[in-house]
Structure formats: structure tokens, C-alpha cells
Amino acid sequence: MGCGSSRAPVPDERTQQTIDMLKMSAKDLGVMWQKFSKYDKDKSGTIDIDEFYKMIGEKRSLFADSIFELIDLDQNDTLDFGEFIQTCGTFCMFGRPDVRKFCYYIFDKDKNGYIEQDELTALIDLLHVDDLEINCKSALTKFDTNGDGKIDFGEFTVMDINYPMLLYPAYRLQESMMEKTLGGKWWKHKQVTLMGERDKVAKKQDMKLAAENARKEKLRNMEIKRRMGPVNYYLCFWKREQEKAKLIKKEEKRKALKAKEADEKETKKKELLEKREAKRREKNKKKKEKEPKAIKSDKNKRGDRREKRRKKKK
């Protein structure tokens with residue numbers, strides 16, 4: 001889709017999800033389109049990754065390129081408008097802990113949940129083109145609280161708090177992206193708003209879970225009381241836990257049985273669908289194998305009739 005239009009192109013499904021999540025207005029989308037169009041010199045509907053960095057006023061680096069992993073960007077070194085929206089809408093909505101987690105994930109090369117000395121050195125080298133005066137070995141020794149020679153995420157968090165310059169380029173990249181698109185104020189407001197909405201949803205889920213657990217506990221106590229009898233229930237109160245353990249074990253067995261039945265049902269359903277599909281393929285195969293009858297067109301039939309009449313006249 002070309003960039004010749006003054007209006008933003010119709011977003012695809014994935015881009016629309018980002019727009020809906022951010023609650024972007026038509027005006028917000030128009031501002032993003034103007035920023036994008038300014039750097040789309042050939043009006044091809046895409047901008048080079050280098051042009052993207054020029055837009056946000058940052059130098060390109062291997063670390064910065066990692067942000068495109070967030071949206072599973074095609075390896076063609078260009079961004080279309082949808083990918084531009086997704087990149088900004090994802091990275092700019094990260095809170096400080098999220099940026100920290102992202103850095104940790106990127107430089108935990110073998111994804112074993114730890115950053116070792118060579119990975120920490122690589123992190124510093126990539127984030128800081130100008131040498132940052134930090135001794136990786138001494139930092140590893142200082143913040144490796146359990147002495148295993150590795151930095152887990154908790155230790156990495158403490159390191160970031162004590163050495164704020166360590167991840168500063170990552171935070172600066174985010175700030176630049178915010179300022180050069182819709183402005184830092186707009187993005188910060190969205191972060192606060194969406195965080196509040198997430199907290200409300202989480203709180204509601206916690207309340208629902210607590211109510212469900214309370215209901216189950218009440219039913220268990222009623223069943224324990226029925227099994228033990230009212231007198232033993234109150235006099236032999238220490239036996240309640242034994243009965244409760246039996247009930248929980250029984251519930252777990254019932255749950256496992258239901259899960260097994262559901263799996264069997266799903267397996268049977270799949271097998272039935274596969275059989276139907278096999279029958280359909282067989283039917284289509286037989287149809288193709290049948291020789292199609294030679295049907296003459298009306299034009300050919302008329303030609304034949306004319307030829308017969310000529311022969312009769314002769």
C-alpha cells in the first residue's frame with residue numbers, strides 16, 4: 001500500500017488490536033501517519049530501519065534492533081505503517097520493570113534464566129558504545145548474592161538500581177521513541193491508564209478466586225461435619241484436617257478423571273473428523289478418476305448438421 005494518500009492506510013487485524021489496546025483516536029493515528037510519511041521518501045508505504053532510527057534520533061545498534069523481535073518483524077530491514085504502530089505501541093508501553101525484563105531476556109543468550117559473565121560483558125558492550133567504566137567481574141561478585149557465579153533476575157534488578165547507568169541506553173531509547181511519536185506525556189498517560197485497568201481486572205479475578213475458594217471450603221466443612229457427625233466434629237476437632245485431606249484427595253482424583261474423559265472425548269472427535277476428511281478425499285479422488293464424457297458444443301453440433309444437409313443435396 002503506497003504512501004501517497006494523506007490518510008493512514010486501513011490497519012490489518014494485528015495493528016487494529018494495538019490501536020484498540022492503546023485506545024488511539026483518529027487524530028492520534030493521523031499524527032503517527034504524518035511522522036511515518038515524512039521519512040517515507042519514495043512513497044512506497046515502508047521506511048528503512050535506518051530511517052526509523054533517524055526519526056527517533058537514536059543510533060542503530062544490535063540491542064536496539066532487538067525491539068523488532070517484540071513484533072516478529074519480517075527480516076527485510078523495512079517497516080510498514082502497521083509494523084511501525086506495533087513497534088512503538090509495544091516498546092513505549094513498557095514500564096521500567098518491563099524494559100529491565102526485556103534487557104535480561106535479550107542477553108540471556110541460552111535462555112537458562114541466568115546471565116553469566118560473558119553475557120553481562122556483551123550486554124554492556126552493546127548498550128554502551130562509549131566504554132562504561134564497570135568491572136563485570138567485580139559487579140558479578142558483588143551482586144551474585146548466592147555465589148553461583150551467575151546473575152538471576154532478582155540480582156539483575158538490584159544491579160540496575162545500584163548502577164542506573166547500566167541500562168540507561170535502553171530507557172533512553174524508549175524515551176526518544178515516545179517523544180518523537182506522540183509525546184512523552186501521551187505515552188505516560190496511557191501507561192498509567194492501562195495499568196489501572198489491568199489492576200482492576202486482576203483485583204476482580206482475585207476476588208472471584210477468593211469467593212470460589214471460600215465456597216469450596218464451606219462445602220468441605222459441611223461434608224466433614226456430615227461424615228464425622230456433629231458431636232465428633234466439635235469434640236474431635238483435630239481429626240477435621242485428616243478428613244479434609246481425604247476429601248481433597250478425592251476431589252483431585254475426580255478432577256483427573258474428568259480431565260482424562262475430556263481428553264478421550266477430544267481424541268475421539270479428532271479421529272472422527274480425520275475419518276470424515278479421509279472419506280471426502282477418497283470421494284474426490286474417485287470423481288477425478290472417472291473419465292469425463294465427451295460433450296460436443298452446440299456450435300459443433302450445428303456444424304455437423306449443416307455438413308449432413310450438404311451431403312444429401314449432392
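A few remarks follow.
- Volume per residue of the convex hull around the Cα atoms, evaluated for segment 9-124, comes out as 127 Å³.
- For the pair Thr157 and Asp28, the difference between a 0.36 nm per residue extended length and the Cα-Cα distance amounts to 43.0 nm.
- Listed cross-link partners Lys265/Lys286; Lys208/Lys265; Lys38/Lys59; Lys203/Lys253; Lys54/Lys111; Lys204/Lys225 are compared with a 23 Å cut-off, the Cα-Cα value being larger for Lys265/Lys286; Lys208/Lys265; Lys203/Lys253; Lys54/Lys111; Lys204/Lys225.
- Mean ellipticity per residue at 222 nm, deg cm²/dmol - from DSSP H runs of n ≥ 4 across the chain, formula -39500 (n - 2.57): -23000 deg cm²/dmol
- Choice from Leu272, Leu235, Leu219 with maximal GNM fluctuation in the chain (Cα, 10 Å cutoff): Leu272
- Compared with the direct C-alpha span, the chain from Asp65 to Val201 gains 45.7 nm at full extension, assuming 0.36 nm per residue.
- Stretch gain in nm, segment Asn221-Gln242, where the contour uses 0.36 nm per residue and the Cα spacing is subtracted: 6.4 nm
- Across q = 0.23 Å⁻¹, segment 185-272 modelled as identical point scatterers on its alpha-carbon atoms has Debye log10 I(q)/I(0) values of -1.06, in the order of the q list.
- Using the Cβ-Cβ distance between Arg281 and Lys111 with R0 set to 41 Å, the FRET efficiency works out to roughly 0.50.
- For q = 0.08, 0.15 Å⁻¹, Debye-computed log10 I/I(0) when each Cα of the chain counts as one equal scatterer: -0.72, -1.16
- For the residues Glu116, Glu155, Glu264, a GNM of the chain with alpha-carbon springs under 10 Å puts the largest fluctuation on Glu264.
- Relative intensity of segment 186-232 on a log10 scale, I(q)/I(0) at q = 0.26 Å⁻¹, equals -0.86, per a Debye sum over C-alpha point scatterers of equal strength in the absence of solvent.
- Within a Gaussian network of the chain (alpha carbon springs, distance under 10 Å), most fluctuating of Lys260, Lys287, Lys268: Lys287
Taken together, the values in this text are just the output of simple stated rules run on the coordinates, not laboratory data. Since this is a predicted model, take the numbers as computed values, not measurements. When we count neighbours, we look across all protein chains shown, and the Cβ atoms used for this are built from the backbone with ideal geometry, even at glycine.
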